[in-house]
Amino acid sequence: MKLLALPLALLAALPASAADRVRCSWDDGPAKPCAYADTVQPDGSHRMIFSGAGQPTIFIGKPQTGWWSGTLNGKPAMGYERNRGNIVFATTDLSHRFAWWYPTEEHGSY
């Protein structure tokens, strides 16, 4: 099973109300609409699945006081919350960057 094929299949299986509509940016590109679903695992880790613009993305990891640690599409990654509902992730080798936010949280709001 290909890792990048998995998010679309999972999102397709979710009820329409389970996926939120957010804005995403891949590798500092322009913001595009995308779908977002988050599942919290028993160990407290999150499985965030994003689908949009033909670029499915999965972040799996845990938060700690505004910082996130885990994997982005299977590569080690870190992330930080610009504000609630606006998070930026980057692989630790800095080869990929991904950001997502709710439209009302693009410029910060708590």
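Where a number appears in this text, it was derived from the coordinates with a stated rule and is not lab data. All values reported here derive from a predicted model rather than from experimental measurement.
Length gained on full extension, Val40 to Arg82, computed as 0.36 nm times the residue gap minus the Cα-Cα distance: 13.0 nm. Using the Cα coordinates of region 20-101, the gyration tensor eigenvalues translate into equivalent-ellipsoid semi-axes of 18, 14, 12 Å, sorted from longest to shortest.
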